[in-house]
Amino acid sequence: DNSPISYTVKEDSVLFEQDLDRQLNVYKSLSIAFQDDGSLRVTQMIRNASQEVLEGAAWGVNTLDAGGAAEIMFACSQIGGFQPQRTISLWSDTNLGDPRLRFSKDRLIATHMPSKDYLKIGLYSNPGKAFFRNKGQCFELSFGADPDADYPDNGCNFELFMCEQFMELESLGKKTEVLPGER
């Protein structure tokens with residue numbers, strides 16, 4: 001967002017907080033906590049500042065530099081082999097024949113290449129895992145995957161956006177009702 005933020009540095013974490021988002025009538029905050037294994041735990045929170053119940057889902061957007069490749073896991077169970085078990089949502093200009101996309105049995109592989117065409121695709125990932133490799137580094141994203149939850153955009157808990165300059169790995173929270181004053 002484009003609003004100023006405040007931050008608080010703690011012993012093992014940093015908390016970023018935004019003033020009231022007047023358009024959505026919520027306060028947004030983000031905590032980055034350093035874990036013992038060297039990883040980071042990022043927690044995104046929304047607090048309802050209105051006097052009404054809000055329904056929505058938190059989006060965690062991770063913007064990554066051009067040139068890398070992402071793998072998004074979407075393995076399915078083996079029971080009910082004749083029933084659909086995977087969901088994919090496509091945005092209007094996304095082309096499944098785009099050379100930046102490749103599907104295998106249990107994952108979507110997206111390679112960032114220069115292109116004027118944007119690409120956005122969503123899916124339900126029941127392992128709740130995505131990886132982005134670029135310049136000798138690996139970014140691992142773990143996110144919730146509740147088979148009984150109602151996720152946005154036709155049941156997606158993950159979305160990938162790609163444009164000429166960058167790639168985004170987006171984790172989506174389940175749709176939730178937030179009472180006034182609650183997070």
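The values are calculated or read from the model by the stated rules, or taken from the named source; none is laboratory data. Computed from a predicted model, the values in this text were never measured in an experiment. In this analysis, Cβ positions are derived from the backbone assuming ideal geometry, glycine residues included, and neighbour counts consider all displayed protein chains. Protein only, heavy atoms only, side chains kept; ligands, DNA and RNA dropped before computing areas. Shrake-Rupley method; radii C 1.70, N 1.55, O 1.52, S 1.80 Å.
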Exercise. Taking only region 36-48 into account, find how many residues are assigned to a loop (DSSP other than H, G, I, E, B) and either of a type in the set (V, I, T) or on the phi > 0 side of the Ramachandran plot (or both).
Key: 1
Quiz item: Residue check: is S50 small (G, A, S), over 19 Å from the mean Cα position of the chain (by Cα) and open to solvent by 50 Å² or more (accessible area, probe 1.4 Å)?
Solution: no
Practice problem: Consider Q51 carefully, then state whether it is part of a loop (DSSP other than H, G, I, E, B), at pLDDT 95 or above and out of contact with any strand residue (DSSP E or B) (no Cβ under 6 Å at 6 or more places or on another chain). | Solution: yes
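Per-residue answers, yes or no, for (1) farther than 16 Å from W59 by Cβ; (2) modelled with pLDDT of 95 or more:
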position: D93; (1), (2): yes, no
position: H112; (1), (2): yes, yes
position: Y118; (1), (2): yes, no
position: G122; (1), (2): no, yes
position: P127; (1), (2): yes, no
position: F131; (1), (2): yes, yes
position: A145; (1), (2): no, no
position: E170; (1), (2): no, yes
position: P180; (1), (2): yes, yes
Practice problem: Go through region 154-183 and give me each residue that's open to solvent by 40 Å² or more (accessible area, probe 1.4 Å) and within 12 Å of the chain's Cα centre (by Cα). | Solution: F161, K174
Quiz item: Of all residues in region 157-168, which are hydrophobic (A, V, I, L, M, F, W, C) and either at pLDDT below 95 or over 20 Å from M73 (Cα atoms) (or both)?
Solution: C163, F166
Exercise. Mind listing whichever residues of region 95-106 are outside any strand (DSSP E or B) and either open to solvent by less than 50 Å² (accessible area, probe 1.4 Å) or modelled with pLDDT under 95 (or both)?
Key: N95, L96, G97, D98, R100, S104, K105, D106
Quiz item: If I109 satisfies every condition in (1) touching a strand residue (DSSP E or B) at 6+ places or on another chain (Cβ under 6 Å); (2) open to solvent by 80 Å² or more (accessible area, probe 1.4 Å); (3) at negative phi but one, which is the exception?
Solution: (2)
Quiz item: Which of (1) part of a loop (DSSP other than H, G, I, E, B); (2) under 21 Å from G67 (Cα atoms); (3) not small (G, A, S) is the odd one out, the single condition F139 does not satisfy?
Solution: (1)
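Take region 160-183 and flag every residue that is touching a Pro at 6+ places or on another chain (Cβ under 9 Å) and of a type in the set (D, E, K, R). Let's see the steps before the verdict.
Looking only at region 160-183, we keep the residues that are touching a Pro at 6+ places or on another chain (Cβ under 9 Å), and these are 164, 172-175.
Across region 160-183, the qualifying residues are E164, K174, K175.
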Self-check item: Counted residues, region 98-116 - those being free of Cβ contacts under 8 Å to residues at least 40 places away in the same chain and under 26 Å from Y151 (Cβ atoms)
Solution: 8
